[in-house]
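Please read the structure below before turning to the comments.
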């Protein structure tokens, strides 16, 4: 009675098709890494001084601040939103931390306590913009644009045009000192990366963010508290912006709103070039690391190649267009917004 | 400051919550929201510290690029110095920052003219030279006396306008030349060596003139070789990254000096050098004479900077405009020297540092704004 | 042996606006047994499962589990009370590892001072996978690396663990079409687990279209038809065979009037559309078919028989891998539904909300969405013309609408489908592909849609219909094409006077 | 139905017009506040200023609205405008009035370039337009040779139309902008392809199955955005009589903000092109008004951000249950 259970020719083809597709997907997730290696090889050959220990350290230092910023944005993008508040908020944190420590303008000197206080302020503001987005159901893009403009206004107001030069010995040491040859700022970035890695892979929060990004309906079905998780994402973003603001002030030795400029869009580019999809659910912290290096390598190499400043932006734009075109899934009825 | 920002935002938040708790009057969310927006605007607007009371006092408008550059804030301080020199309450200063957006500069000035009519005078550091033509047209129409500093397009001169009182500028080309020569002389083997060039913002008039000055200096010093030329957009962070890349590319002994177009970027350059404790060995230059610039010259990290003395430029700019407005000066009869003159930037290098600090930093220089010849350093165009 | 009652259902009714999905179901589930549920599409099986897992709530009736009242609000609560379900579509998070997926939402026991103890979780997952005898799947691999079948096994493992972990005295596990993507070896393994679970005192409810599998595994078989439990029988080999099951499933033949057989006319000679051994790797192979003007062809087949993909290829939504589509004697490529519409082919998709209407638009805008030219006046869309057209169709198809400007989003199922038909009629397409046109529509609206389909055919247009039920396909079409595992197994002629019996067709379907 | 809704429906308001009405209400409210602060705000001359400043932002906004209605975004409009401004100045000197046509052609080309990158290479529009922004910025530098020069007097006659105005408070610039806005509105509301753009934003899968040309609609949306940006560039050049390659950079975000304040939802499918006029008016009034009433320079950005947030909060229709706002 037990009819021979056979799978038809079509069933076989279906299984092969699926295997081919998952292999393709595995290759696609490696695409950013391959692009990074290809870029390094090309630039080592062409750019003089690229492939050297000195320049390697240089890359590591320059990738520090963009990396921390993109780590902050990774979870936001994994959830399918975007956030531009870092431009104003980062500038504000940078300016305010300079005013709080021993500086050339006022006699306030909180020393090391300034850092946690300032990061708390950054988290507070980011939580507020998260509240507006989640509870008020406003598009995160526009909310963060408003918050960014308010905060950069306060930043400029805080030092009234004369940036406060940092005198605090701790900050000057942090700017120049290094440990095992790697400057402190880069260590901060490495530590932030490790925390982000743990957050993503070792905590419930990480899996919940991935679930929400993949399919919010399934996440609700599994019983995940979606709003609370989204809120925590904005807390993490606030923390990263706070760190970036402090690092910016340390690096330039003074507090000015310029610290926040040109932070957000390169960070979002790094996250996407690294392989995290803008509609959420794919990619992760390691992808962002690769993305951040791709962007930094391009900037560094263009300077080493002595490319004329006028066309540098165009070359950067073209390379990123190519990199994303290669690492983005293609399909006839795939909906890409 | 932070409390203010914190309360500012939480205040809006409380307004939100109180609006929701309105008992006894079941309002549709939309009505409550509209009422909230009026309250929010009124609350925020009248919280702004400087408010224009009635229209009588003369408005001294200062239009410049950005509030984040210390040098541009010197303009505002200079204008306030001039306002203080007038009898009490005759004038007050309004700042028009345009954050590098040329269209906004024109719009802001037009808006102020519409609001104040001819009861205002204007001091402008044009974000880019071409803006001067539109400003000139607007002021001619409205009968507003105004002065300009730094940028003006070729062939456009105050003499062809009635209300454009004067045009003063430090000679950006000469400045580019002076700091270049100073740098070349202070290299380990004076007159020879390899340098890198860090420009300001591409396609910005002041930047292009300083580059012309640099190129003039380079012709006179064949021994100097330019390794690379990059643009830092007047931004400290970018300058820092570019310098780090140069150090990686040419090695720490491959560069002898870095020509840098302004103090803000020089801060980034010096930070990058100090990270490799090369500050002092590789010298750089700056322009604007910001407090940071002066400090770096003091520590021997910067070969020289040029203090353009924003107080003097803005103060006397306003003085000229005010004089023309009150009839002390008549633009038709003014000679070319008074219509167009150079103010001397103050080259601050290790040796001239001492007396620069004496006159400008320790004591605020007293300006007698009635003596209109004081700022003139020389004619702009040698006949 | 006296079997312990696990779950009992007393006259469960589920009423959707317009359709009675479940009509007075009473059933008892005992520990240690496998209960097979069979029935046609839309017979109410999935709805019952959704109620048991808490994804839906019954309109009336009573559910008891372990003797206590049982009314879960969501799957998580159901799991806690001992009822787990493997959903038909995947509910795994592709980007997370197998272990993370199995324990998602229930990581509390692996938390060591704030962090998830990854090693402990992987070990626990490995234990569950070992229990499921699929040790070849490593607990730490990411789910998007696994092939389809292993994902299905992980899905099942996840439910087994969720339920077994908590419930002490036996639980109920629902499997909805679990074998549609498994091969022979994997099916055998699945059956081993099902038997092992029953031996451990749990009950398994197995829903499948493959009657041979149901007969192999089930202890008891319940047959559903049109929302009612029509037969409940012990699965004794001598009594039960496929013919008996077919008879139970299909029951009465359709009444003539319902499908308006009288108005079924003979198709003309001209061939409007011809498929020449069309195939799409992995879905269907070598389908050859001729569609004549005015003809209605019904395609029948179970899920995974390839009929939906065939429809998608003809409508231009998917690309075939080989073979030709000949329209009006000319071989043509259909890269998109847009080019298909230019050749006169238009589809009515299955999910009305997702693919048939634009809910933000008003009714009259939806109606002209497939053909702007009809409402254009000197190059510009004139709302007046569009409203007139909509008014016309509103009367013709009797769409219950307060006014044509009303947003389509909040219309009932039947009315929304009529708006879709209005759009299709307005598009002047010659060949229409109807994918389950009457799914989720009340009986009254069904009859109206059938008469619309008749009108369309009589206007000389040709249709390919994927019937919601076998009875519908037979009743409506001139010819019935039966597909199984991607191949056309048989084509029946179905003239009004000699309609084929459902039992003969089902033989070729399953 | 709750009581409130019935109250509203009695007044024959439905939620749609409420949102449309709202941006009008906020424009009026804020103008009154500024007017009270300084009567010169509504003077004839200031109206001229407002309408002149409004025109470029409006052109960017109505182009951007097309892309936002797709549910995508265009970050390159600012730089296309700068490039167009520089190109106009350079070409006017060489080939006279024909330069206007060439610049419009360039706008179309830039829009199509974005369209191809997004539609055919399937790159998310955020990143695609961010990259093309950098490309057009470099082109602007190269075209201007790095020199921000003023227009030479000999080509001024081609440009003087920018200064003309009717009965002294409606500039010709604004009239041209209004005509372009009307054309954009007609295309978006009354042509088939315009309707498809709406439909794609609301439910792309359904539009694809309904047999509409989704790709063409996307290409059209980006084309309109590029063209709008080029026209804005022409307005900048005409207004400032100069070729400054960085003139449009900061206007990109303002264009998006104006479209959103005009009621266009960023998730796509809702809002109207014509309403961007109100959005652009709101932004221009805020910036102009703050100068007229003499708000201190340092506070202007804070107030601008706060009013932006308040307006977005009022403007979003929050009763959209279930809509997942990204």
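Just counting partner chain Cβ atoms within 10 Å, what average do the residues of peptide A:297-306 show around their Cβ?
4
Once the Cα atoms of helix A:114-134 and of chain A are each reduced to a long axis, what angle between those two axes, in degrees from 0 to 90 to the nearest 10, is obtained?
In chain A, helix A:114-134 runs at an angle near 40 degrees to the longest axis.
Expected output is a single nm value to one decimal: the length gained when fully extending between residue C:398 and residue C:189, i.e. 0.36 nm times separation in residues minus the C-alpha distance. What is it?
69.9 nm
Given the C-alpha centroids of the stretch B:297-363 and the stretch D:244-268, what is the distance between them in whole angstrom?
That distance is 41 Å.
Return the Rg/Rh ratio of the stretch A:197-337 with Cα-based radii and a Kirkwood Rh.
When Rh is taken as the Kirkwood radius, the ratio is 1.03.
Can you give the Rg/Rh ratio of chain A, where Rg is from the C-alpha atoms and Rh is the Kirkwood radius?
So for chain A, dividing Rg by the Kirkwood Rh gives 1.04.
When A:276, B:205 are ordered from fewest to most other Cβ atoms inside 10 Å of their Cβ, what list results?
B:205, A:276
Using only the C-alpha atoms of chain D, find the volume of their convex hull and express it per residue in Å³.
159
Starting from the eigenvalues of the Cα gyration tensor, five times each then square-rooted, give me the equivalent ellipsoid semi-axes of the stretch C:31-118, largest first, whole Å.
Ellipsoid semi-axes (Å, largest first): 30, 18, 12.
Taking 8 Å as the Cα distance limit and 6 or more residues as the minimum spacing, I'd like the relative contact order of chain D as a percentage.
After rounding, I find 34 percent.
What is the Cα convex hull volume of the stretch C:74-224 when expressed per residue in Å³?
Spread over its residues, the Cα hull of the stretch C:74-224 gives 119 Å³ apiece.
Over all residues in B:280-289, what is the mean tally of Cβ atoms on other chains that come within 10 Å of each residue's Cβ?
0
Which of the three applies to the stretch D:137-191, rounded, prolate or oblate, going by the alpha-carbon gyration tensor with a ≥ b ≥ c and a/c under 1.5 meaning rounded?
oblate
What order do you get for A:133, C:292 when you list them from fewest to most C-beta neighbours inside 10 Å?
If I rank by nearby Cβ atoms, fewest first, I get C:292, A:133.
In nanometres, what is the gap between the two model label sites at residue C:331 and residue C:286, each 7 Å from Cα along Cα-to-Cβ?
Each label point is offset 7 Å from its Cα along the Cβ direction, giving 1.9 nm.
Round to the nearest 10 and give me the degree value, 0 to 90, for the angle of helix A:226-252's Cα axis relative to the longest principal axis of chain A.
Between the helix axis and the principal axis of chain A, the angle is about 40 degrees.
When the expected Rg is taken as 2.2 N^0.38 Å, what fraction or multiple of it is the alpha-carbon Rg of the stretch C:197-236?
It is 1.25.
Defining a contact as two alpha carbons under 8 Å apart and six or more residues distant in sequence, what relative contact order in percent does chain C show?
15
Return the FRET efficiency for the residue pair residue C:459, residue A:16: r is the Cβ-Cβ distance, R0 is 41 Å, and the value is rounded to the nearest 0.05.
Once the sixth-power term is evaluated, E becomes 0.40.
In nm, give the distance between the simple-model label positions of residue C:385 and residue D:95, each being 7 Å from the Cα along the Cα-to-Cβ direction.
My value for the distance between the label points is 3.8 nm.
Can you give the translational diffusion coefficient of the protein assembly as shown in µm²/s, computed by Stokes-Einstein from the Kirkwood radius over Cα pairs at 4 °C and 1.567 mPa s?
36
Would you please state which residues of the stretch B:208-246 a label at residue B:295 would reach in this model, taking the label point 7 Å out along Cα→Cβ and a backbone N cut-off of under 16 Å?
B:236-237
Quickly estimate the mean residue ellipticity at 222 nm for chain D, helices only: each DSSP H run with n ≥ 4 gives -39500 (n - 2.57), and the total goes over all residues, rounded to 500.
The helix-only estimate for chain D comes to -24000 deg cm²/dmol at 222 nm.
Give me B:234, D:161, A:187 ranked fewest to most by other Cβ atoms within 10 Å of their Cβ, as a rough exposure proxy.
The most exposed by this proxy come first: D:161, A:187, B:234.
Sequence gap at least 6, Cα distance under 8 Å: using those rules, report the relative contact order of chain A to the nearest whole percent.
Averaging sequence separation for qualifying contacts and normalising by length gives 32 percent for chain A.
Starting from 0.36 nm per residue, how many nanometres of slack lie between residue B:381 and residue B:141 once their C-alpha separation is accounted for?
Roughly 83.6 nm would be gained on extension.
For the stretch A:1-106, state the average projected area of the convex hull of the C-alpha atoms over all orientations, rounded to one decimal in nm².
Computing the convex hull of the Cα atoms and averaging its projections yields 15.3 nm².
Which value, in Å³ per residue, describes the convex hull spanned by the Cα atoms of chain C?
172
When the Kirkwood radius is taken over all Cα pairs of the stretch B:220-261, what Stokes-Einstein diffusion coefficient follows at 20 °C and 1.002 mPa s, in µm²/s?
Roughly 189 µm²/s, to the nearest whole number.
If you line up the long axis of helix C:118-131 against the longest principal axis of chain C, both from Cα atoms, how many degrees apart are they, to the nearest 10?
Rounded to the nearest ten degrees, it is 80.
May I ask you to derive the FRET efficiency for residue C:80 and residue C:109 from their Cβ-Cβ distance with R0 = 22 Å, giving the value to the nearest 0.05?
Efficiency computed from Cβ-Cβ geometry: 0.95.
I need the calculated FRET efficiency for the pair residue C:123 and residue A:197, taking r as the beta carbon distance and R₀ as 25 Å, to the nearest 0.05.
For residue C:123 and residue A:197, the calculated efficiency is 0.70.
We did not get these values from a lab; they are worked out from the coordinates using the rules stated. As the structure is a computational prediction, the values presented were derived from the model and not from experiment. Cβ atoms come from the backbone with ideal geometry, glycine included; neighbour counts cover every protein chain shown.
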